[in-house]
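Below is one structure, written out as structure tokens; the observations come after it.
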Amino acid sequence: MTHKIAVLPGDGTGPEVVAEGIKVLNAIAGPAGLKFEFIHYDLGGERYKRTGEILPDSVLKELRGFRSIYLGAIGHPDVKPGILEKGLLLRLRFELDQYINLRPVILYPGVYTPLRDKGPEDINFVVVRENTEGLYAGAGGVLKYGTPDEVAVQESINTRKGVDRCLKYAFELTRKRNKNKKLTLVGKTNVLTFAFDLWERAFHAMAQSYPDIATDYAHVDATCMWMVKNPEWFDVLVTDNMFGDIITDLGAMIQGGMGIAAGGNINPEGVSMFEPIGGSAPKYTGKNIINPLAAIAAAQMLLDHLGEVKAAAAIEEAIKTVCAKHLKSLQAGKMGYSTSEVGDLVAQYAIDNLK
Ligand code: IPM
Ligand code: MN
């Protein structure tokens with residue numbers, strides 16, 4: 001089966017790590033009986049600087065024709081923060097209606113976690129972050145700009161339909177996982193009484209249709225505390241866009257850092273986009289020292305999403321082996337291997353796993 005994948009290497013270390021992901025996909029293609037066709041798109045800070053274009057409508061139109069996009073990183077030191085993030089990353093998420101941001105938090109054996117008393121049996125959960133609404137919707141404005149009386153308003157949009165489709169995805173995912181079938185709603189019902197009242201009512205209403213799933217609720221601040229103190233309590237967490245953004249950076253740290261954290265921007269019926277969740281890491285660019293595992297894990301999620309579960313599992317096992325047997329650290333420059341060597345290792349183990 002041939003899979004056509006749009007590749008957006010983007011900025012900074014994005015192209016380096018995406019190259020390793022593609023290396024691994026190409027390596028397993030034969031043994032897994034798959035074919036990949038990669039179509040590269042030049043988007044990001046360099047193109048913006050050169051041409052002023054961020055995401056031309058013609059490119060967006062082409063991207064709508066794919067099922068999957070493989071993204072490296074967005075963000076350029078010479079471009080004011082917000083321009084590329086809003087104009088490219090968030091625009092893609094919104095235009096392609098990728099309403100789920102799926103972020104697994106898994107600690108692999110041999111990987112360093114700052115949580116001294118916790119191990120791989122404790123850190124294995126997934127965050128389902130709503131990805132098209134909330135504070136990210138861009139609602140609001142500024143009054144009396146630049147004056148001492150300035151007022152900036154940024155509103156959180158929470159539609160019942162948007163919340164329901166996110167919750168439905170989370171309930172279904174919880175049902176499919178082999179943990180304790182527990183779904184935790186993360187919110188702030190004690191303060192954000194309009195938004196999270198809607199989330200809570202929708203959550204309880206939907207729970208009626210999932211009697212096999214245990215439901216729980218935690219405030220977002222307490223969630224940060226539990227993620228550090230008792231991460232083993234979590235199976236699936238579902239939350240809004242902003243809270244999901246924040247708690248998944250914390251999640252990335254307890255699973256070993258940005259070197260391994262991957263995510264998927266998912267539209268189950270449309271075009272989904274997979275990415276390492278760390279940024280473009282300008283200071284490591286071009287040095288062949290950045291950790292490509294997060295990008296390789298994103299490629300693994302992409303395959304899983306396409307239904308290629310065997311090939312995806314072979315890559316996941318290979319990542320685990322490389323973590324357990326080879327890397328001294330997951331941090332850039334401290335791995336004991338270069339970026340491309342890590343890619344070679346994963347590719348080789350993944351091939352072996354398919355034999
Ligand atoms: C992420 C990033 C983005 C977000 C930024 C770069 C716009 O932090 O993917 O988590 O806030 O969603
Ligand atoms: Mn983030």
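Here the spin labels are modelled as points 7 Å beyond Cα on the Cα-Cβ line, and at residue 246 and residue 85 they lie 1.4 nm apart.
Taking 0.36 nm per residue of separation and subtracting the current Cα-Cα distance, fully stretching the chain between residue 216 and residue 352 would add 44.9 nm. A protection proxy built from the mean count of other Cβ atoms within 10 Å ranks the segments 148-157, 287-296, 266-275, 188-197, most packed first, as 287-296, 266-275, 188-197, 148-157. Judged by the ratio a/c of the largest to the smallest principal axis of the C-alpha gyration tensor, the range 113-255 counts as oblate, that ratio being 1.5 or greater while a/b is no larger than b/c.
Check each of the trypsin sites (Lys or Arg not before Pro) in the range 22-82 and keep only those in coil by DSSP with at most 16 other C-beta atoms within 10 angstrom; list them in order. Can you show the working numbers first?
Working: sites: 23, 35, 47, 49, 50, 61, 64, 67; in loops: 64, 67.
Those that pass, being in a loop and sparsely packed, are 64, 67.
Which of 234, 203 comes first, and how do the rest follow, when ranked by fewest Cβ neighbours within 10 Å? Before the final figure, lay out each step's value.
On the way: 234 26, 203 22.
Lowest to highest Cβ neighbour count: 203, 234.
Note on residue 209 and residue 40: with the Förster distance fixed at 51 Å, the Cβ-Cβ geometry gives a FRET efficiency of about 0.75.
Using only alpha-carbon positions in the chain, the gyration tensor eigenvalues give semi-axes of 30, 26, 20 Å once each is multiplied by 5 and square-rooted (largest first).
In the chain, helical runs assigned H by DSSP with n ≥ 4 each contribute -39500 (n - 2.57); averaged across all residues and rounded to the nearest 500, the mean residue ellipticity at 222 nm is -12000 deg cm²/dmol. Given their separation in residues at 0.36 nm each and the Cα-Cα distance between them, residue 50 and residue 116 gain 19.0 nm when the chain is fully extended.
Once backbone amide H atoms are built at 1.01 Å from N, residue 68 has 6, 272 as its partners under 5 Å, excluding neighbours fewer than 5 places away on the same chain.
Once you sort the root eigenvalues of the Cα gyration tensor of the range 1-125 as a ≥ b ≥ c, which label holds: rounded (a/c under 1.5), prolate (a/b larger than b/c) or oblate (the other case)? Note, shape of the range 1-125 comes out oblate.
3J(HN,Hα) along the range 74-83: 10, x, 10, x, 8, 10, 3, x, x, 5 Hz, from the Karplus curve 6.51 cos²θ - 1.76 cosθ + 1.60 with θ = phi - 60°, whole Hz, x for Gly and Pro.
Taking every DSSP bridge with both residues inside the chain, close to 40 percent are antiparallel. Relative contact order, whole percent, for the chain stands at 24, derived from Cα pairs under 8 Å and 6 or more residues apart.
Bear in mind that the values in this text are calculations on the coordinates, not laboratory data. Please read these numbers as outputs of a predicted model, since none were measured by experiment. Every residue, glycine among them, receives a Cβ derived from its backbone with ideal geometry; neighbour counts consider all protein chains shown.
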